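Data block below; observations after.
The values are calculated or read from the model by the stated rules, or taken from the named source; none is laboratory data. For clarity, every value in this text was computed on a predicted model and none was experimentally measured. Neighbour counts run over all protein chains shown; Cβ positions are idealised from the backbone, glycine included.
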Amino acid sequence: MTSETITAAASGRWKLGDLEINRMGFGTMRLPQKGEAFRTDAEPSDRGRAIGVLRRAVELGVNHIDTAAFYFSPLRSANELINRALAPYPDDLVITTKVGPARDPSGEWAAHAATPEQLRGQVEENLRQLGRDHLDVVNLRVLGTASIAERFGALARLREAGLIRHLGISNVTPEHLEEARAIAPVVCVQNPYGLGVRPEQDEFVRTCGELGVAFVPFYSIAGSGGQAGVTAPDSEEVLAVARAHGASAAQVRIAWTLHRGPHVLTIPGTGNPDHLAANVAAGALRLSEAELSVLERLHRGAL
């Protein structure tokens, strides 16, 4: 499939609360660094190239960008790059960020997630870096299965104060979602998920759709490689579907994700402008029922 004229509009639309976006978004985790694997000691990316990728994403119709203040490498910050590339921001651009984990200036992860008191500082850090007076969507990134009520409640108070427009949660269980929704509206859930990745999440994905909550998978291309990027060869089943459509295996994985439901969004990230165009074009890829059946068996480990 060609990607020159395909935009993110081909993926369809969804609303995060009152914010309507294209389902094809862009993740910035890898943007501040060289290479496709997220590393705390990674070399900084080329600033001009990173800025160019962000601007090209918007030109291709991407109006949902996922970021976090803890996405940085030496000399580069995802939020700073977004600010430099896109401010003043387009009216329809939705920037989603995450709080909870923390990294020190050397890049090492803090041993514990932020306390409720520290979350306000993380929200203010994102506001400063992005040059915004409020954040469109803030996800509480969760570590473990303990209650999130206290920390999510702290973000709900910041929402009431006008610093946050909408709330989401990340890396969570169905119980977390139930707990959060009892405190404040939740517009999205971000969890690791993809073709053959965590099929036990299938029911949770469906539940989110029934509740009108967007499900936003991450690592949908990298699969089990996670932060390290793609580490295993694709199966013959995926490659056969790709050949049938003149597409890449990565495009098939993105398309499969979007086929999981109209509430499922995707935020593939890259610092490569060619990969960006190919990822966006995957939003136009329509898989047949027969192809989806084969991929479903593969997803569940039946092949």
Being buried (at least 22 other Cβ atoms within 10 Å of the Cβ) and either aromatic (Phe, Trp, Tyr) or more than 27 Å from LEU81 (Cα to Cα) (or both) is the filter here, so list the residues in segment 128-150 that pass it.
ILE148
From the residues in segment 281-296 that are part of a helix (DSSP H, G or I) and touching a residue at least 60 places away in the same chain (Cβ under 8 Å), which one is surrounded by the fewest Cβ atoms within 10 Å (Cβ to Cβ)?
ALA284
Here the qualifying pairs (Cβ atoms under 7 Å; residues six or more apart or on different chains; first in segment 168-189 and under 14 Å from ALA214 (Cα atoms); second modelled with pLDDT under 95) come out as none
Quick one: is LEU31 surrounded by 19 or more Cβ atoms within 10 Å (Cβ to Cβ) and outside any loop (DSSP other than H, G, I, E, B)?
no
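Here's the yes/no breakdown for (1) in contact with a Gly (Cβ under 9 Å, 6 or more places away or on another chain); (2) closer than 22 Å to GLY131 by Cβ; (3) buried (at least 21 other Cβ atoms within 10 Å of the Cβ); (4) in contact (Cβ under 8 Å) with a residue 40 or more places away in the chain:
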site	(1), (2), (3), (4)
ASN22	yes, no, yes, yes
GLY25	no, yes, yes, yes
ILE51	no, yes, no, no
ARG55	no, yes, no, no
ARG84	no, yes, no, no
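Return the only residue of PRO217, PRO262, PRO233 being over 14 Å from the mean Cα position of the chain (by Cα), outside any helix (DSSP H, G or I) and either among the hydrophobic types (A, V, I, L, M, F, W, C) or within 26 Å of ARG181 (Cα to Cα) (or both).
Answer to the check: PRO262.
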With (1) modelled with pLDDT of 95 or more; (2) out of contact with any helix residue (DSSP H, G or I) (no Cβ under 9 Å at 6 or more places or on another chain); (3) polar (S, T, N, Q) as the list, and SER106 as the residue in question, which single condition is left unmet?
(1)
How many of the residues making up segment 193-203 are within 22 Å of MET29 (Cβ to Cβ) and touching a helix residue (DSSP H, G or I) at 6+ places or on another chain (Cβ under 7 Å)?
5
Could you identify the single residue in VAL58, VAL123 that is modelled with pLDDT of 90 or more, closer than 22 Å to ALA9 by Cα and among the β-branched types (Val, Ile, Thr)?
VAL58
